[in-house]
Amino acid sequence: MDKENPDSKRKAPRRKDDDRVILHFCVENSNPSLKTLPLGIKQKSILATCNYVARRHGVKKLMGIQEAKRLCPDLILADGEDLSPFRDVSKRIYSLLKSYSWNGRVERLGLDEVFLDVTDIIAYNLELLNHHNLENSWFCLSREDPEKGFEFDAREVKGCVYGEDESQQGDDGSKWRLLLGSHLAFYLRQEVESMGYTSACGIATNKLLAKLAGDKNKPRNQTTLLSSHSPIPFLNPLPLAKIPGVGSKTIHALKTLLQTESTELTVHDARTHPAVSPFALERLLCGSGGEKGIGQKIWLLLHGIDGSEVKPARDIPRQISIEDTYRGLTTLPQIRASLVQITGSLLRRMHVDLLDDSPSPSPVTTPSATSPPPTTVPTQKSGGGGGRRWMAQPKTLRLTTRPYFPPSEWDKVEYNTGRASKSVPLPRFIFDLKEDSEEIVERLVEGTLLPLFHTLNPDPKKWRVGLLNVCVTNMSGGGHEGGGGSDIVAAFQRQKEVGEIRAIAFADDQLLGDDDDDGDGSSEEPAEWVEDEDEQDGVRCQLCGCAIPVFAVEAHGRWHELEED
DNA sequence: CCGGGGGCCT
DNA sequence: AGGCCCC
């Protein structure tokens, strides 16, 4: 009866995907003084990246310094092991672009790329468009203030258009959306440029196509991929590895499946090969513990389909980590010094990224919690930092190590194997000091990281440390000034004042369960690590009796030096 | 002369 | 905790 309902037939073919407008920006420094000179950013013995002048000489990313110097003797090298300056720039660009977003869907990818879902802005402006006076159009950047915006000529797409041809069949709005998107992209690129940076941009209906389109006219132009024709011809000639999501493992698996090991696989090769189907890919890539649905996902990517959303802007990072590589640290003093160094960097990063910029209006600092001045530890700085509050407090600290492999063993070991890591609850006392962190570094290294290192590398004769990584993660909601909110903490306070408590242990659920747990912990002694061999009958929390996995804090006792061999 | 991050998934 | 992915 309703089988051939013309109404449903008219609506059916349209995917929601087609209505989106996604921008992908790729930013780089437009260093005026060095623009004409070949510049490379160095990390240890490797070239992390380089500018386009250097690339013209054949210099590539991740190339060895020696080879790069051979190809381009005049190459200027800048040290990029400390990413702080790059983070700074990245943050400013990101904030600029985010300030134009209406829906907060602004996603960073690395330090130099940003996705924007501007579907809502485009939809708003599509209704405003006067088709009888296209050349004098006004792009409105604010719902509240019609004056905020810019003039543009809506007769043409701004910037480059991929596959520019006669195909102007039935424009159902999709073309207009992308046209508007191209003008918005151009405006935003000018804003970025006024900050001193050049950028490329891709404009398309999903993240995959936007990113790939932006590659077409780097580094200083934009490319719109109209959705009026199929994305297949656009994708076909691209090397398979260009597809974001298809990494080295996937490439390797596919090459063995297709038995075309020699030639560089293109999207066309993979998509048209008879052995390739969503199921075959799933079987191939999901072998053991792989991501379920990955086969279909990759298969859809090969066809230009990507339903993934631009993730809303995240105020707080999921994790913060600092790492450094070494040519074989073997003695404890070396390791200790290295840990002190990276821990200092980590705490500085935490202060920059996790501590609120603006002082809180009420400078009330922990009225009752700190009332009895602790006699044991003189580290109390009465809420230093002028009342700044933590936007988030990490709950977990992780140390990762990798042994050093001399060059003679490089062919014998898999890169990235040999990494060992272990995470534990992060001692809360590190949130006390908000300005000077030297003593915290000491306590963290001596009380937590060094013991952790010993559990990861028990045998001093095998100490050949090639990498150290310290990471804080598992961020909790913002901590209020004052703390002492939870019963556990209150009990801790009480018993501490009376001087009864000898040891207190923090279990995971205590640290996790309390949204408002400031932890106080302002006057504990440095932490001590307790390894219990059988994980079943381990330490028990003296306050609530719950089982403690691994971590304990001495309140009044002393932590002892670790044995050094 | 083999970096220094970050994400999400299991 | 580790894998694979991104830059």
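Restricting to region A:394-431, what's the tally of residues that are open to solvent by 40 Å² or more (accessible area, probe 1.4 Å), closer than 23 Å to A:Glu442 by Cβ and not in a strand (DSSP E or B)?
0
Being more than 28 Å from the chain's Cα centre (by Cα), at pLDDT below 95, surrounded by 15 or more Cβ atoms within 10 Å (Cβ to Cβ) and more than 27 Å from A:Tyr187 (Cβ to Cβ): is that true of A:Pro6 here?
Taking the combined requirement at face value, the residue does not satisfy it.
For region A:276-313, give me each residue that is of a type in the set (Val, Ile, Thr) and within 15 Å of DNA strand C (Cβ to nearest atom).
A:Ile294, A:Ile298, A:Val310
Looking only at region A:296-316, which residues are at pLDDT below 95 and open to solvent by less than 100 Å² (accessible area, probe 1.4 Å)?
Hits for region A:296-316 are A:Pro312, A:Ala313, A:Ile316.
Answer yes or no: is there a residue in region A:191-198 that is assigned to a strand (DSSP E or B) and more than 22 Å from A:Arg271 (Cβ to Cβ).
In the first step, residues of region A:191-198 are kept if they are assigned to a strand (DSSP E or B); the result is A:197-198.
Checking the rest, the ones that are also more than 22 Å from A:Arg271 (Cβ to Cβ) come to A:197-198.
Yes: one or more hits.
Just one of (1) open to solvent by 50 Å² or more (accessible area, probe 1.4 Å); (2) more than 16 Å from DNA strand C (Cβ to nearest atom); (3) modelled with pLDDT of 95 or more trips up A:Pro32, so point out which.
(3)
Could you tell me whether A:Leu281 is open to solvent by less than 30 Å² (accessible area, probe 1.4 Å) and not basic (Lys, Arg)?
Taking the combined requirement at face value, the residue satisfies it.
Go through region A:259-270 and give me each residue that's out of contact with any strand residue (DSSP E or B) (no Cβ under 9 Å at 6 or more places or on another chain) and surrounded by fewer than 17 Cβ atoms within 10 Å (Cβ to Cβ).
A:Gln259, A:Thr260, A:Glu261, A:Ser262, A:Thr263, A:His268
Kindly indicate the residue of region A:400-415 that is touching a residue at least 12 places away in the same chain (Cβ under 8 Å) and either within 23 Å of A:Gln319 (Cβ to Cβ) or in contact with a strand residue (DSSP E or B) (Cβ under 7 Å, 6 or more places away or on another chain) (or both) and also farthest from DNA strand B (Cβ to nearest atom) among those meeting that condition.
A:Thr401
Being of a type in the set (D, E, K, R), in contact (Cβ under 8 Å) with a residue 60 or more places away in the chain, out of contact with any Asp or Glu (no Cβ under 8 Å at 6 or more places or on another chain) and surrounded by 14 or more Cβ atoms within 10 Å (Cβ to Cβ) narrows it down to one residue among A:Lys207, A:Lys218; which is it?
Values: A:Lys207 fails: out of contact with any Asp or Glu (no Cβ under 8 Å at 6 or more places or on another chain).
After ruling out the rest, the residue left standing is A:Lys218.
Taking A:Asn125 and the conditions (1) without any contact (Cβ under 8 Å) to a residue 60 or more places away in the chain; (2) in a strand (DSSP E or B); (3) crowded, with 20+ Cβ neighbours inside 10 Å, which numbered condition does it fall short on, given that it satisfies the others?
(2)
Between a first residue in region A:244-272 that is within 16 Å of DNA strand B (Cβ to nearest atom) and a second residue that is open to solvent by less than 70 Å² (accessible area, probe 1.4 Å) and assigned to a loop (DSSP other than H, G, I, E, B), which pairs have beta carbons less than 8 Å apart while being 6 or more apart in sequence or on different chains?
Listed pairs, sorted by first residue: A:Ile251/A:Leu265.
Does A:Lys292 fit the bill of being within 11 Å of DNA strand B (Cβ to nearest atom) and in a helix (DSSP H, G or I)?
No; evaluated as a whole, the condition is false for this residue.
Would you mention how many residues in region A:315-330 are of a type in the set (D, E, K, R) and away from DNA strand C (no atom under 15 Å from the Cβ)?
Qualifying residue count, region A:315-330: 3.
Given the structure, is A:Ser142 surrounded by fewer than 13 Cβ atoms within 10 Å (Cβ to Cβ) and hydroxyl-bearing (Ser, Thr, Tyr)?
Taking the combined requirement at face value, the residue does not satisfy it.
Do we have any residue at all in region A:226-238 that's of a type outside the set (Lys, Arg), surrounded by 14 or more Cβ atoms within 10 Å (Cβ to Cβ), within 13 Å of DNA strand C (Cβ to nearest atom) and not in a loop (DSSP other than H, G, I, E, B)?
no
Of all residues in region A:317-341, which are touching a helix residue (DSSP H, G or I) at 6+ places or on another chain (Cβ under 9 Å), open to solvent by less than 60 Å² (accessible area, probe 1.4 Å), within 19 Å of A:Asn457 (Cα to Cα) and within 11 Å of DNA strand B (Cβ to nearest atom)?
Hits for region A:317-341 are A:Asp324, A:Tyr326.
Return yes when A:Val89 is away from DNA strand C (no atom under 16 Å from the Cβ) and either open to solvent by less than 80 Å² (accessible area, probe 1.4 Å) or within 24 Å of A:Val27 (Cβ to Cβ) (or both) and no when it is not. Spell out the reasoning first.
Details: away from DNA strand C (no atom under 16 Å from the Cβ): no; either open to solvent by less than 80 Å² (accessible area, probe 1.4 Å) or within 24 Å of A:Val27 (Cβ to Cβ) (or both): yes.
No.
Here are A:Arg70, A:Arg55, A:Arg108: which of them is open to solvent by 80 Å² or more (accessible area, probe 1.4 Å) and either touching a strand residue (DSSP E or B) at 6+ places or on another chain (Cβ under 6 Å) or within 30 Å of A:Asp306 (Cα to Cα) (or both)?
Answer to the check: A:Arg108.
The values are calculated or read from the model by the stated rules, or taken from the named source; none is laboratory data. Note that the coordinates shown come from a computational prediction; the quantities given were computed from them, not determined experimentally. Cβ coordinates were reconstructed from backbone atoms using ideal geometry, including for glycine residues, and neighbour counts include every protein chain displayed. We work out accessible area using only protein heavy atoms, side chains counted, and drop any ligands, DNA or RNA first. Shrake-Rupley method; radii C 1.70, N 1.55, O 1.52, S 1.80 Å.
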